[in-house]
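**Student:** Here it is, the structure, as structure tokens.
The values are calculated or read from the model by the stated rules, or taken from the named source; none is laboratory data. Predicted model only: the values in this text are computed from it and were never measured. Virtual Cβ from ideal backbone geometry, glycine too; neighbours counted across all protein chains shown. Please note that ligands, DNA and RNA were not included when accessible areas were found on the heavy atoms of the full protein model with its side chains. Shrake-Rupley method; radii C 1.70, N 1.55, O 1.52, S 1.80 Å.
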Amino acid sequence: MMWTIREVTEMTEISAPTLRYYEKEGLLPHVKRNESGKRLYDEEDLSWIHFVTALRATGMPIAQIQKYVYLYKEGDATISERKKMMLQHKKEIEKSIKELYYNLDKINYKLALYDVLESQIERTSIKI
């Protein structure tokens, strides 16, 4: 099955300019074109779009993704290097998650404090 750029934008909620940019930057290695030059996307392209989107959403720079795609195109001899890149990125994501949880704990503590303060105010302002 092949899809147009419009169909892919509807399926992925990624804008056409972003898809074109990803292709121009070499992040989507297999996008095909029809006789009139219009882009056509298949299942493999959709997988790449979702993968690249996940990498971008987790903070991987474009240059790093370009390197990954370059290694991918080089073939199976680069599997261990690609795995190493993913392990490093995973470690960075885990560090970010840990920091987010730490900060979330601070916010939850403050919210609990506000709950206590509000309940004290409510108790002292009720006069029967």
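**Student:** At 1.4 Å probe size, put 6, 56 in order of accessible surface, largest to smallest. Don't jump to the answer; show the numbers that get you there.
**Tutor:** Values: 6 170, 56 95 Å².
From most accessible down to least: 6, 56.
**Student:** Students sometimes get this wrong: rank 36, 119 by accessible area, probe 1.4 Å, all chains present, largest first. Walk me through the numbers before you get to the answer.
**Tutor:** On the way: 36 90, 119 40 Å².
Sorted descending by solvent-accessible area, the residues read 36, 119.
**Student:** Net charge near residue 21: determine it from the other residues with C-beta under 15 Å of the C-beta of residue 21, scoring Lys and Arg +1 and Asp and Glu -1. Mind dumping the intermediate values first?
**Tutor:** Values: positive: 20, 24, 39, 56; negative: 23, 25, 45.
Spelling it out: positives minus negatives among the neighbours equals +1.
**Student:** Hey, could you get me the Stokes-Einstein D for the chain, Kirkwood radius over alpha-carbon pairs, 10 °C and 1.306 mPa s, rounded to whole µm² s⁻¹? Each step should come with its number before you reach the end.
**Tutor:** Numbers: Rh = 18.3 Å.
In µm²/s, the coefficient rounds to 87.
**Student:** With a 10 Å cut-off between alpha carbons and a GNM built on the chain, which of 52, 69, 116 moves the most?
**Tutor:** In this elastic network of the chain, the residue with the biggest mean-square fluctuation among 52, 69, 116 is 116.
**Student:** Assigning unit charges at the beta carbon (Lys, Arg +1; Asp, Glu -1) and nothing else, what dipole magnitude in debye, to the nearest 20, does the chain show about its Cα centre?
**Tutor:** Details: 21 positive and 20 negative charges, 83 e Å.
In total the dipole reaches around 400 debye.
**Student:** Please give the solvent-accessible surface of residue 2 in Å², to the nearest 10, using a probe radius of 1.4 Å with every protein chain present.
**Tutor:** So the heavy atoms of residue 2 present about 80 Å² to solvent.
**Student:** Let me ask another. Top mean-square fluctuation among 90, 73, 110, Gaussian network model of the chain, C-alpha springs under 10 Å?
**Tutor:** Among 90, 73, 110, the largest GNM mean-square fluctuation belongs to 110.
**Student:** Let me ask something else about it. Which percent of the accessible heavy-atom area of the chain goes to carbon and sulfur, probe 1.4 angstrom? Spell out each step's value before the answer.
**Tutor:** Numbers: 5410 of 9580 Å².
After summing per-atom areas, the C and S share lands at 56 percent.
**Student:** Moving on to the next point. Using Cα springs under 10 Å in a Gaussian network model of the chain, which residue among 76, 105, 115 shows the largest mean-square fluctuation?
**Tutor:** 115
**Student:** Using alpha-carbon pairs under 8 Å, 6+ residues apart, how would you state the relative contact order of the chain in percent? Working shown, then result.
**Tutor:** Numbers: 69 pairs, mean separation 22.8, N = 128.
Computed value for the chain: 18 percent relative contact order.
**Student:** Right, another one. In degrees, nearest 10, range 0 to 90: what is the angle between the Cα axis of helix 79-125 and the longest Cα principal axis of the chain?
**Tutor:** 20
**Student:** Once both axes come from the Cα atoms, what is the angle between helix 43-57 and the longest principal axis of the chain, in degrees from 0 to 90, rounded to 10?
**Tutor:** Taking the Cα atoms of the chain, the angle to 43-57 is about 40 degrees.
**Student:** With a 1.4 Å probe and all protein chains kept in place, how do 79, 14, 93 rank by accessible area, largest first? It would help to have the intermediate numbers written out before the result.
**Tutor:** Numbers: 79 90, 14 25, 93 50 Å².
Reading off the accessible areas and sorting them downward yields 79, 93, 14.
**Student:** Using a 1.4 Å probe and ignoring any ligands, DNA or RNA, find the accessible area of residue 121 and quote it in Å² to the nearest 10.
**Tutor:** Roughly 110 Å² of residue 121 is accessible to a 1.4 Å probe.
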